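Contents: one structure, followed by commentary.
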Amino acid sequence: MNNKYFAPLFLVLVIALTSGCAHAKKEKTIMYQYSTRNAFNSGVYSGELTPQELKKHGNFGTGTFNGVDGEMILLDGVSYQAKEDGRIIKVKKGIEIPFADVNYFEPSINASLEKPLSLKELTEYLDLLIPDKNLIYAIKVDGEFATADTRAIEKQKEPYTPFEEVMKNQHLNKFNGIKGTLVGYYFPDYMKEITSGGYHFHFISRDRKRGGHLLDCNITSGEIRINQVDGMHLEFNEVKNLTIK
């Protein structure tokens, strides 16, 4: 192949993801997930996990904050919050998390881009790079973007509505001629009830000032780093006195 081209319940579910053809690793990569996508989509937007506690489980990942207050980006061990207007701020103490996916990022697959690609074309190229689509992969793409289209959501108030309703009022932001990083994951389709199916990316600019959940992009050049995930540690959040419409 040409490579240029809910409060804690302490109830843990470990999903072992193995591949018979995978090479042995010195240390396995375990993804930590707080809550489930199905719970979040139903309106469970409150948790008691702090960014400081989350970083005990990884230095790379995505998520959101209580009330769906923007998008979370964990990159190089630093937590960022993408606000509804596309601004990026460093996460402050006192904020809590209802949903997140993180891991310690140790890439084993490296590739570079030799021509401009849309997001659809980028994911098609990633399909060629990942060895087994029944596994999870953490993916980092550093590059130059002709365009990066993102979204973020203004903080919601209780009673919460299902995420499908919240999405109707999402804030869209378009960035042109920008350098930045995609932070995200590939999840097998069979995991849709637990987490996102397919590719899921958050974008953050190189100067750490702009970003959000990636909707589309045109990347003109870039470097791809992929980390195969060997298992998942899933922790549920215990929701108290939460009201959902």
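Just so you know, all these numbers are worked out from the coordinates, no wet-lab data involved. For clarity, every value in this text was computed on a predicted model and none was experimentally measured. Every residue, glycine as well, gets a Cβ built from its backbone with ideal geometry; the counts of neighbours run over all protein chains shown.
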Distance between Cα centroids, the stretch 52-66 to the stretch 142-193: provide it in whole Å.
17
To the nearest 20 debye, the stretch 8-237 has a Cα-centred charge dipole, built from +1 on Lys and Arg Cβ and -1 on Asp and Glu Cβ, of 580
By the mean-Cβ-within-10 Å protection proxy, highest first, 177-189, 152-164 rank as 177-189, 152-164
Please list, in chain and number order, the residues 5+ apart from T161 or on another chain whose amide H is under 5 Å from its amide H, with Hs placed from the backbone.
K245
